[in-house]
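Rule-based calculations on the coordinates, nothing more; no lab input. Here the structure is a predicted model, which is why all the values come from computation and not from measurement. All Cβ positions, glycine included, derive from the backbone under ideal geometry; neighbour counts span all protein chains shown.
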């Protein structure tokens, strides 16, 4: 009787990564996010961009949507926006770097 089971594939062949690699990627993503968010405070072009976005009608409608009334609540919403935007940019940068690294390694 012939077995119909296929041999198991290695984790590397399936595209899985180790726990250490996952932790390193997570740490790199956190560091990138913090650096990008800090740039919103210390780099003049980034400060102007944040001020511009916070002054748009779309951003003002977020205040109404979330019931933001006080100055502290406005600052908190701006900070949330900065962190979310920083995370998205950091994630895109990390994915781009990983794709570039995979392309270089495949040569």
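For the options 47, 83, 34, a Gaussian network treatment of the chain with springs between C-alpha atoms closer than 10 Å singles out 47 as fluctuating the most. Rounded to the nearest 10 degrees, the inclination of helix 71-106 to the longest alpha-carbon principal axis of the chain is 30 degrees. In degrees, nearest 10, range 0 to 90: what is the angle between the Cα axis of helix 44-54 and the longest Cα principal axis of the chain? Tilt of helix 44-54: around 80 degrees. In terms of the mean number of neighbouring beta-carbon atoms within 10 Å, the peptides 16-22, 75-81 order highest first as 75-81, 16-22. Against the chain, whose longest principal axis is taken from its Cα atoms, helix 19-42 shows a tilt of about 20°. Taking the helices alone, the chain has a mean residue ellipticity at 222 nm of -25500 deg cm²/dmol, built from -39,500 (n - 2.57) per DSSP H run of at least 4 residues and averaged over all its residues. Against the set (i) 30, 14, 11; (ii) 43, 18, 12; (iii) 26, 15, 11, the structure's computed semi-axes √(5λ) of the Cα gyration tensor in Å falls on (ii).
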